[in-house]
Structures are given as C-alpha cells and as structure tokens.
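This report concerns only the one structure given below.
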Amino acid sequence: MNPSPIPRARYDAVVVGARVAGAATALLLARAGLRVLVVERSRRGSDTLSTHALMRAGVMQLHRWGVLPRLLAAGTPPIRRTTFHYGSEPVVVDIKDRDGVDALIAPRRTLLDVVVADAAAESGAQVLYGTTLTEILRGPTGRVHGVLVTDGAGRRHRVEAGIVIGADGARSTVARAVDARVLAEGKYPGSYIYAYWQGLELDGTHWYYAPGVSAGAIPTNEGLSCVFVGMPPGRYRAQPGAAFDALFQQLASECHQGLARALGGARRVGKCYPFAGRAGFLRQPWGEGWALVGDAGCFKDPITAHGITDALRDAELLARAVLRGTTGALAEYQATRDSFAMEFLELSDRIASFDWDLDSVGGLHHRLSRLMARECECVRDFGSLPRTSAGSTAERIGGYRSHGSPVLIPV
Ligand SMILES: Cc1cc2nc3c(=O)[nH]c(=O)nc-3n(C[C@H](O)[C@H](O)[C@H](O)COP(=O)(O)OP(=O)(O)OC[C@H]3O[C@@H](n4cnc5c(N)ncnc54)[C@H](O)[C@@H]3O)c2cc1C
C-alpha cells in the first residue's frame, strides 16, 4: 500500500482547482506562511477550453509575483501592440512601458497554469493532480470545515480545513455544495470557434468586429497564433453536422477580408475548438468556512478576454482577505470583486449580444478600457503581502484580525 499523498489531515486552506485562480490563490497563501493543499482533478499540464489573451493588470501581477520571467523564458512572445478593426477601420494601440510591464502576453494554458501552480508548490503548497473533491464537510452550524477527496489511485481522504476555496471553474462543485447564491446573470452567451495557425506573422493581437460577427488573432507559444471567430448562438446551432471548419472560414471572411487572406497564406495546426457558449453569472463568493474565486465565482462571456486577468486579480483580493482573517475582510473582498465584476459582466454581455453597430461597440470598448485602467490602479496598490509567522493557525492569522468573526477556525 502506497503512503497517502496527503501528508496532513489538516490544512489552513484547501483550494479546489489548480489553474489560474486556484494556483494563484495557493501561491499567495503559501508564501504568506499558511499550510495549503490544492486538489486538481486533471493531470499537470493538461489543456482547457480557452484562448490566451492576458490584460495589463494580470501581467503586472505575474511580474510582481516573479513568474513572468519563466513564461517569457518558455518562449511566450511579448505583445507590444494591439489593433482593433471596426470593419475596415483599424485603431492601433501601442503597449506602454509602465509598472515593470512593457508588453502583454498570451501563454498557452498548458504553460501558464503549470508555471503558477509550480510556483505555489515551491512556496510550500501541496499541489495534488488527479485528485477530485467529492464532498464538502459541514459542522452542525452549517460551517464548512473540510473536504472529502479521491486521489488518483481511487483512495478517499478526509481533510480538515480552516477555509475551503472553490477555484473549480464555472461548474464549481464547491459553489453547488455550499449553495452559493447567484447575484447577477448575463443574458447573451456568444458562441466561439478557435484554432491554431502557423505562419500568420502577427504584429501583436488583432480584434475584429463586423455586424453579427467578431474575431481575434493572438500570438502564443511555439510560433503559433490562436485565431477565434465569435457569433450569436443561433448561427452556431444552425451549422449542419457540426461543420466547424467551414463555419470558421466563413465567419473569418465575413469579419475581415485581411484576416481571411492572411489565414489563406498560413497553415492550421490541429483541430477547431468549438464553444457553444454559456451565459455569464456572478455568485456570492464567500460564506462560513468557504470562498469562491475565478470562474467559480464569476463567469463572463469570453468576448472581452478578461477571465484570466479577473482570476489573478481576485486571487490576490481573496488571499489578502483570508490573511486578514475576518469575515469583514471577506466582505471587502466581495465588494471590490463586485465593483469590477458587475461592470465586466455587463460589458461582456452587451458585446456578446452582437446587438451593436461599429460605433456602439467602439463605445463599449472605451468603457472597458476605463475599467481596465481602474483595475491596474487596484493591482498597483496591492503592494507586498502580509507574511504570517510560525505558530498555530489562530496565532498566525491573529495579527491580521481587524473586525468581524475569524475566517480561519483552527482545525
Ligand atoms: C472559449 C473561451 C475562450 C476564452 N478566452 C479567454 C482569453 O482569451 N482571455 C481570458 O482572460 N480568458 C479567456 N477565457 C476565460 C478563461 O478561460 C477563464 O476565465 C479561466 O480559465 C478561469 O480560470 P479558473 O482557474 O477560475 O477556472 P478553470 O480554468 O475553469 O479551472 C478550474 C479547475 O478546477 C478543476 N476542478 C473542477 N472541479 C474539480 C473537483 N471537483 N475537484 C478537483 N478539481 C476540480 C478543473 O479540472 C479545472 O482545472 C476564455 C474562456 C472560453 C470558454
């Protein structure tokens, strides 16, 4: 019988999900001295359905956490220019050199998630792949105090936790188990198809808009460009026999002739990845003994390409709240998250409705740009994380307790 892969029966925090939201939260909590277990049901380095554009605030955080050099060293191309095409009208935005960030990046998720999770593990978090959360443990008052997980060998483990953090994506098991309330919902899920291309020679990211259709071309690792097309779901569903290749080509031509010509001179690598769409939502992100972060707490239509950046920002907001150690701090986490999430949700929903003309979608992008500038200010103000000292959980978080009841009950 192999020894248990989970060396402790008790952790300060158990994080469910080891992609951007979970890995980043674990990284920050572990660096601050908490005992952290991360369980991830997929294998290390597995892919997920997502394109790759990161916005400035996210890159600023990766830079500050010291993981940006690893992504660049792995061949992630720096992106120094982004171009919006409204019909045939291009608007070019050069990326400014500010806050230690002189370029954006769009790493493959097979790289980004692993780099952040590895940094969490190096900081002391126990990261277990192939391990699935099956149940949340609650005490007589309803407070969450642990989890049941099943490891890769099919063994079940009971783990006690000061806090259980659901970073387990839009279909979050944690959110379902704690019955997290839905606070807001989007109405317009867009549908998307993306694929990888060799030989596009992009001078940065390109975003294309034409009536009833959008597209994007994003330089990523291994000399490839990720190209997507977006459409209202009715058009996606009307495609006979899931002929996504033909629909992809058709929409790229409708959206921008220059893009269609460039694709004609390039080579597609691998298959088309279809995403039928999912309406956005905002969930209550914390309660007694639990919290949600990333898509588990808020999912937006991917047309604004902001989910990864949101996940990184909210990971740091949540980690800071957990380290302050009070319900008041978690309420502040929610207030700050919602001050961004509500507007990102609304804007993503409006753009995903495809009910716009080229002027009005430009206006929505201006609002997005102002919101992202505020997001950069928020991330800039984070400064360094409080560090805990050795001792029991209660002692370690006690120094950060300001008001409200304690978050981390010693287990
Ligand atoms: C088509 C598409 C394109 C997108 N493009 C972009 C883009 O260009 N830029 C951008 O910023 N965002 C984009 N997004 C959004 C982005 O992918 C998400 O916002 C991001 O992945 C959220 O990260 P997360 O860590 O919260 O959740 P996820 O990436 O969903 O990770 C959750 C993890 O939890 C694990 N898990 C789930 N349940 C359990 C369980 N019971 N036990 C253990 N582990 C579990 C899963 O295996 C998974 O690895 C796109 C999304 C889609 C669908």
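The values are calculated or read from the model by the stated rules, or taken from the named source; none is laboratory data. Keep in mind the model is a prediction, meaning the values are calculated, not measured. A quick note on method: Cβ atoms are made from the backbone with ideal geometry, for glycine too, and the neighbour counts reach across all protein chains shown. Only protein heavy atoms, including side chains, enter the accessible area calculation; ligands, DNA and RNA are left aside. Shrake-Rupley method; radii C 1.70, N 1.55, O 1.52, S 1.80 Å.
What the table below lists for this structure:
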quantity	calculated
Net dipole in debye of segment 88-136 [+1 Lys, Arg Cβ; -1 Asp, Glu Cβ; about Cα centre; nearest 20]	100 debye
Theoretical ellipticity at 222 nm over the chain - DSSP helices of four or more residues, -39500 (n - 2.57) apiece, nearest 500	-11000 deg cm²/dmol
Gain upon complete extension [Ser42, Glu377; 0.36 nm per residue less C-alpha separation]	117.1 nm
Accessible-area composition of the chain, carbon plus sulfur, in percent [1.4 Å probe]	51 percent
Distant-in-sequence amide H partners of Gly280 (H built 1.01 Å from N, under 5 Å)	Gly186, Lys187, Tyr188, Asp301
Sorted largest first, extent of segment 89-128 alpha carbons per principal axis (Å)	49, 23, 8
Counted charge near Ser88, where neighbours are those whose Cβ lies closer than 15 Å (Asp, Glu -1; Lys, Arg +1)	-3
Cβ crowding within 10 Å averaged over residues, with 266-273, 289-296 ranked highest first	289-296, 266-273
Mean accessible surface per residue for segment 7-147, computed with a 1.4 Å probe while every protein chain stays in place, in Å²	39 Å²
Segment 16-32 and segment 139-196: distance between their alpha carbon centers, rounded to Å	15 Å
Under 26 Å from the Cα of Lys271 - lysines, other chains or at least 8 residues apart	Lys300
Convex hull of Cα atoms in the chain, direction-averaged projection (nm²)	19.9 nm²
Kirkwood Rh in Å, taken over segment 203-331 so that all alpha-carbon pairs contribute	17.4 Å
Stokes-Einstein D in µm²/s, Kirkwood radius over Cα pairs - segment 1-98 at 4 °C with 1.567 mPa s viscosity	77 µm²/s
Peptides 280-287, 88-95 ordered by average Cβ neighbours within 10 Å, highest first	280-287, 88-95
Net charge over other residues, Cβ less than 14 angstrom from the Cβ of Arg235 (K, R count +1; D, E count -1)	-1
Full-extension gain in nm, Arg181 to Asp355, via 0.36 nm per residue minus C-alpha separation	59.7 nm
Rounded to the nearest 20 debye, dipole of the chain from Cβ charges on Lys, Arg, Asp, Glu	1040 debye
